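S.K.: Can you keep this structure in mind? I'll have questions shortly.
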Amino acid sequence: MARIVAGIGSSHVPAIGAAIDNGKTEEPYWKRVFAGFEKSQEWMRETKPDVAIIVYNDHASAFSVDLIPTFALGCAAEFPPADEGWGPRPVPVVQGYPELASHIAQSVILDEFDLTICNKMEVDHGMTVPMNLLFGKVDKNSHWPCPVIPLAVNVVMYPPPTGHRCFMLGRAIRKAVESYPEDLKVVIFGTGGLSHQISGPRAGLINSKWDKAFLDNLSKDPQKLVRIPHVDYMREAGAEGIEMVMWLIMRGALDDKVDEVYRFYTVPASNTAVGHIILANRPRTARRHPGAHKTAKRAATKHNRAAARAKATIVRGR
Ligand SMILES: [Fe+2]
């Protein structure tokens, strides 16, 4: 059976991609940003996922104002990097996982989430920047370490989906993954944010207090986040802060209780707050039988007492 082992939240700031592509990662401004992802790359190398589901938003690259799907799932065999105005990023073509993607589409749509199925799609910085942050720089002629299923969410044109809808879609994705018969280790990314606004009188807005509270609740109490209305994101986190609803798809795909493996937050990168978190599901046996360790401890204590009694009997019998 396939299983989701962890969720990763990550900003997808386009300037981070430009810094990688133009060899600026060692410059002091960027170094502190990339340093925050070194442990994450180590964790990713150790985790070795078989496939990643990456929730992101398209920035008028694959879609335009002519066509705006609320949720679009990439079911293709590959996803080329999009030309975002200065040529495609020099990163490998992203390999898809059509079998699992089609299974997720079927399961989720039959669970009444109306996904758009994309059998051909280019992907932009919204997806490839978090991939670089977690997988490191990968030569254009090489391969990303695992296949990816892209899930594009409309957070560009009103109305985006609600946080609650996103969280419940995450739940449906988890159900879909767990009903896939192949034994696969899956990770899911939620990308975008954190607080930022790129235009208008409030351009440059960053709200670290809001961002940090969001990360705290994402880790420990996600139900506090699912009912936040759009207007609160806009007011507190800026117009583009609405991207944060995508992190709730990732969180919904995890168990209620998770272990926070790692967190990183820095301001600014470009004109954006950069947030990152890794949340791991607890081992399956412990989750299925939450009292199992207590039972085992009781059994061990009983066994030790019996062994002590037996030893005492042997000593007395000498
Ligand atoms: Fe974005």
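The values are calculated or read from the model by the stated rules, or taken from the named source; none is laboratory data. It should be emphasised that the depicted structure is a prediction, and the values quoted were computed from it without experimental measurement. Cβ coordinates were reconstructed from backbone atoms using ideal geometry, including for glycine residues, and neighbour counts include every protein chain displayed. Just the protein is used for accessible areas: all its heavy atoms, side chains included, with ligands, DNA and RNA removed. Shrake-Rupley method; radii C 1.70, N 1.55, O 1.52, S 1.80 Å.
S.K.: At His143 and Ile68, where each label point lies 7 Å from the Cα along Cα→Cβ, what is the point-to-point distance in nanometres?
M.R.: In this crude label model, His143 to Ile68 measures out at 3.8 nm.
S.K.: Relative to the compact globular guide of 2.2 N^0.38 Å, what is the alpha carbon radius of gyration of segment 84-142, as a ratio? Please report the intermediate quantities before stating the final value.
M.R.: Numbers: Rg = 14.4 Å, N = 59, 2.2 N^0.38 = 10.4 Å.
Scaled against compact globular proteins, the figure is 1.39.
S.K.: Starting from the alpha-carbon convex hull of the chain, give the projected area averaged over all orientations, in nm².
M.R.: Values: hull surface 83.2 nm².
For the Cα atoms of the chain, the hull's average projected area reads 20.8 nm².
S.K.: Once amide H atoms are placed 1.01 Å from N in the peptide plane, what residues at a sequence separation of 5 or more from Gly192, or on another chain, have their amide H within under 5 Å of its amide H?
M.R.: Hits under the 5 Å cutoff: Ser10, Ser11, His12.
S.K.: Please report the antiparallel percentage of DSSP beta bridges with both residues in segment 23-153, rounded to the nearest 5. Spell out each step's value before the answer.
M.R.: Details: 7 of 16 bridges.
About 45 percent, rounded to the nearest 5.
S.K.: On to the next question. Which whole-Hz couplings ³J(HN,Hα) result when phi for each residue of segment 204-220 is put into the Karplus expression 6.51 cos²θ - 1.76 cosθ + 1.60, θ = phi - 60°, listed in order with x for Gly and Pro?
M.R.: For segment 204-220, the Karplus curve yields x, 4, 9, 10, 5, 4, 4, 4, 5, 5, 4, 5, 4, 6, 4, 6, 9 Hz.
S.K.: Consider a paramagnetic label point 7 Å from the Cα of Arg45 along Cα→Cβ; state which residues of segment 129-153 have an amide N under 12 Å from it.
M.R.: Inside the label zone: 135-137.
S.K.: Using only alpha carbon positions, build the gyration tensor of segment 11-162, then give the equivalent ellipsoid semi-axes as the square roots of 5 times its eigenvalues, largest first, whole angstrom. Walk me through the intermediate numbers first.
M.R.: Details: eigenvalues 140, 66, 41 Å².
Rounded to whole Å, the semi-axes are 26, 18, 14.
S.K.: Follow-up question, since we're still on this one. Once you mark the GluC sites (Glu not before Pro) that are in a DSSP loop and have at most 15 other Cβ atoms within 10 Å, what is the longest gap between them in the chain? Present the calculation step by step, with values, prior to reporting the outcome.
M.R.: Working: sites that count: Glu26, Glu112, Glu182.
Between the exposed loop sites, the longest stretch runs 183-318.
S.K.: Then there is this: Which of the listed residues, His143, Gly275, Ala203, is farthest toward the dipole's positive end in the chain, when Lys, Arg count +1 and Asp, Glu count -1 at the beta-carbon?
M.R.: Working it through, the farthest residue towards the positive pole turns out to be Gly275.
S.K.: Given the options Thr266, Thr191, Thr285, state which has the largest fluctuation in a GNM of the chain using a 10 Å cut-off (strictly under) for Cα springs.
M.R.: Thr285
S.K.: Based on the Cβ-Cβ distance from Val267 to Leu110, what FRET efficiency comes out when R0 is 30 Å, to the nearest 0.05? Walk me through the numbers before you get to the answer.
M.R.: Numbers: r = 43 Å, r/R0 = 1.42.
That gives a FRET efficiency of 0.10.
S.K.: When a/c is below 1.5 the answer is rounded, else prolate if a/b is larger than b/c, else oblate, so apply that to segment 1-44 with a ≥ b ≥ c taken from the square roots of the Cα gyration tensor eigenvalues. Please list the in-between numbers first.
M.R.: Numbers: a/c = 3.02, a/b = 2.19, b/c = 1.37.
It is prolate, given that a/c is not under 1.5 and a/b is the larger ratio.
S.K.: How far apart, in nm, are the 7 Å Cα→Cβ label points at Lys31 and Ser179?
M.R.: 5.2 nm
S.K.: Further question: List the residues of segment 237-269 whose backbone N lies under 17 Å from a point placed 7 Å from the Cα of Ser208 along the Cα-to-Cβ direction.
M.R.: 237-238, 263-269
S.K.: Suppose only helical runs count, i.e. DSSP H with n ≥ 4. What mean residue ellipticity at 222 nm does that imply for the chain under -39500 (n - 2.57) per run, divided by all residues and rounded to the nearest 500 deg cm²/dmol? Before the final figure, lay out each step's value.
M.R.: Numbers: 11 runs with 126 residues, N = 318.
Result for the chain, helices only: -12000 deg cm²/dmol.
S.K.: Under unit Cβ charges (Lys, Arg +1; Asp, Glu -1), what dipole magnitude, rounded to 20 debye, does the chain have relative to its Cα centre? Mind dumping the intermediate values first?
M.R.: Details: 39 positive and 33 negative charges, 603 e Å.
Taking the Cα centre of the chain as origin, the dipole is about 2900 debye.
S.K.: Average projected area of the Cα convex hull of segment 169-268, in nm²?
M.R.: 7.1 nm²
S.K.: Let me ask another. For q values of 0.14, 0.16 Å⁻¹, compute log₁₀ I(q)/I(0) with the Debye formula on a Cα-only model of segment 39-112, without solvent.
M.R.: Each listed q maps to, in turn, -0.63, -0.81.
S.K.: While we're on this one: Calculate the dipole size of segment 26-115 relative to its Cα centre from +1 charges on Lys and Arg beta carbons and -1 charges on Asp and Glu beta carbons; express the result in debye to the nearest 20. Before the final figure, lay out each step's value.
M.R.: Numbers: 6 positive and 15 negative charges, 79 e Å.
Charge dipole, segment 26-115, about its Cα centre: 380 debye, nearest 20.
S.K.: For the chain, with a Gaussian network of springs between Cα atoms less than 10 Å apart, report the residue from Asp114, Asp259, Asp66 with the top mean-square fluctuation.
M.R.: Asp66
S.K.: Let me ask you something else. Binning at 10 Å from 0, report for segment 112-175 what percent of all alpha-carbon pair distances ends up in each bin.
M.R.: 15, 41, 33, 10, 0
S.K.: Can I ask one more? Which percent of the accessible heavy-atom area of the chain goes to carbon and sulfur, probe 1.4 angstrom? Let's see the in-between values first.
M.R.: Numbers: 8350 of 15270 Å².
For the chain, the apolar C and S fraction of the accessible surface comes to 55 percent.
S.K.: I'd like to check one number: the per residue accessible area of segment 74-191, probe 1.4 Å, reported in Å² as a whole number.
M.R.: 43 Å²
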